[in-house]
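Below is one structure, written out as structure tokens; comments come after it.
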Amino acid sequence: MYDDRVEISNPGIPTIRVERFIDEYRSRNEQLADIMRRFGICEEKGSGIDKVIGASEVYQLPAPDFRVGDIRTISVLFAHQNFNDMSQSDRIRACYQHCCLLYISNRRMSNQSLRDRFRLNKSKSGTVSQIIGATKEAGLIKSDESESNSTRYARYLPFWA
């Protein structure tokens, strides 16, 4: 525990990419996981990350960071930070996770939904558009052209959708 974050370390490397933590799951030991679910020790597989990301949005926290090292995976949960104090990588990570969270809820991210996530007013639309552009440039999200090609009503999907 640190003043500005909590780090949770887990031995081993994940069986899926960290960018897919929100929508995929794969147990290392499926038999053990099944027994634990049957005994009520753990819930259905794959919902913990969604809940953490959802809570970070509700409580206006920076997006969690998942880091994979040579022998362990570290989850970093951050303390509250004002939008202006967030780094560009914090904003991009939050944009991507917000887009994923909406997608698995059968919704699409928009400039407005991301402004709501950051609790920014409409005057910050340009700033949010820059974050969306940087997240697209990083290859984490893409435009959803199934509904409209209009930039004003643009919707976005995770890169894997």
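Structure values in brief
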quantity	calculated
Prolate/oblate/rounded call for the stretch 1-93, Cα gyration tensor, a/c under 1.5 rounded	prolate
Placed amide H near residue 5: partners under 5 Å, 5+ positions off or other chain	79
Solvent exposure, largest accessible area first (probe 1.4 Å, DNA, RNA and ligands not counted), of 128, 58	58, 128
Spin-label pair residue 85/residue 107, simplified geometry with 7 Å Cα→Cβ offset, distance in nm	2.7
In order through the stretch 11-22: 3J(HN,Hα) via Karplus (6.51 cos²θ - 1.76 cosθ + 1.60), integer Hz, x for Gly, Pro	x, x, 9, x, 7, 10, 5, 4, 5, 9, 3, 6
Check: the stretch 1-148 dipole with +1 on Lys, Arg Cβ and -1 on Asp, Glu Cβ, in debye	180
At least 20 Å along the helix axis (C-alpha) and Kyte average at least -0.5, DSSP helices within the chain	88-104
Kirkwood hydrodynamic radius of the stretch 70-152, from inverse mean 1/r over distinct Cα pairs, in Å	13.9
Accessible surface ranking that places the most exposed of 2, 59 first, with a 1.4 angstrom probe	59, 2
Gaussian network model of the chain, Cα within-10 Å springs - most flexible of 129, 56, 27	27
Volume of the Cα convex hull of the chain, divided per residue and given in Å³	130
Sulfur and carbon atoms: percent of accessible area, the stretch 40-109 [1.4 Å]	52
Most mobile of 71, 92, 41 in a GNM of the chain (Cα contacts under 10 Å)	41
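The values are calculated or read from the model by the stated rules, or taken from the named source; none is laboratory data. Because the structure is a prediction, the values reported are computed rather than measured. Neighbour counts are summed over all protein chains in view; Cβ atoms, including those assigned to glycine, are modelled from backbone coordinates with ideal geometry. Heads up: the accessible areas ignore ligands, DNA and RNA and are worked out on the full protein's heavy atoms, side chains in. Shrake-Rupley method; radii C 1.70, N 1.55, O 1.52, S 1.80 Å.
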